[in-house]
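Shown next, in structure tokens, is the structure this report addresses.
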Amino acid sequence: MPTIPVEIGKGYMEMQIKVVVDRKRINPDTKVPEVKGVCHVLAGERELIHEYFISGPWGKGALPFGKYSLKWVQPKIEEAFKLCGFGWFGYLEPQFDTDRSELGIHPDGGEYIGTLGCVGLKFKTNDFNKKFYNFLMEGLKLGDIEVEVIDASKKAE
């Protein structure tokens with residue numbers, strides 16, 4: 001799947017998202033896998049924005065490693081998707097066989113820390129939350145955005 005060109009200064013750059021997992025564990029309270037790391041939004045080699053994330057430790061736990069397609073993003077009013085006053089959800093479609101469904105990317109809001117397997121972003125300010133959302137919305141104007149969830153402890157192949 002091609003990455004999405006995003007206008008940056010003069011010309012267009014390809015937009016993609018790299019979700020880099022650098023910490024994995026079984027949550028001692030829920031006994032469910034969770035991962036943490038940094039989610040990077042890139043245009044070519046240039047990083048547009050990044051944010052820390054958590055996936056799990058609820059439901060079936062952390063999302064599986066692999067490639068996804070970000071299909072759409074929309075505002076949400078539910079507290080689980082809101083952080084710093086603004087909520088949204090982006091649908092991630094796995095590009096591999098899995099029994100997981102309804103995975104996405106969104107602010108990690110609500111009463112409990114973590115997600116049911118989505119990429120839960122840990123924004124500190126509403127401005128940064130909206131900026132991240134706006135980058136995704138701009139990229140999606142031209143089609144799906146490639147998302148790759150990778151394990152930082154594995155060597156690149």
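The values are calculated or read from the model by the stated rules, or taken from the named source; none is laboratory data. Given the structure is predicted, the values throughout are model-derived calculations rather than measurements. No Cβ is skipped: glycine too gets one built from the backbone with ideal geometry, and neighbour counts run over all protein chains shown.
The table below gives the values:
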quantity: Listing of strands (runs of 3 or more DSSP E) fully contained in the range 1-44 that carry 2 or more residues being at pLDDT 50 or above and within 20 Å of the chain's Cα centre (by Cα); calculated: 12-26, 33-43
quantity: Any hit, the range 130-149, residues being part of a loop (DSSP other than H, G, I, E, B), among the aromatic types (Phe, Trp, Tyr) and in contact with a strand residue (DSSP E or B) (Cβ under 9 Å, 6 or more places away or on another chain); calculated: no
quantity: Whichever residue in the range 138-149 is out of contact with any helix residue (DSSP H, G or I) (no Cβ under 8 Å at 6 or more places or on another chain) and closer than 16 Å to Cys39 by Cα and, among such residues, is modelled with the lowest pLDDT; calculated: Gly139
quantity: Residue match in the range 91-114 (condition: at pLDDT 95 or above and of a type in the set (Phe, Trp, Tyr)); calculated: yes
quantity: Selection count, the range 21-46, where residues are in contact with a Gly (Cβ under 7 Å, 6 or more places away or on another chain), surrounded by 15 or more Cβ atoms within 10 Å (Cβ to Cβ) and of a type in the set (D, E, K, R); calculated: 1
quantity: Check on Ile49, under 13 Å from Phe135 (Cβ atoms), aliphatic (A, V, I, L, M), modelled with pLDDT under 95 and surrounded by 14 or more Cβ atoms within 10 Å (Cβ to Cβ); calculated: yes
quantity: Output for the range 35-81, where each listed residue is under 14 Å from Ile145 (Cβ atoms) and basic (Lys, Arg); calculated: Lys67, Lys71
quantity: Test: Phe123 is at negative phi, outside any strand (DSSP E or B) and at pLDDT below 95; calculated: yes
quantity: Search result, residues across the range 56-105 that are within 14 Å of the chain's Cα centre (by Cα), among the aliphatic types (A, V, I, L, M) and over 17 Å from Ile17 (Cα atoms); calculated: Ala62
quantity: In the range 62-115, the residues that are closer than 19 Å to Lys36 by Cα and in contact (Cβ under 8 Å) with a residue 60 or more places away in the chain; calculated: Leu63, Pro64, Phe65, Gly66, Lys67, Tyr68, Ile105, Gly114, Thr115
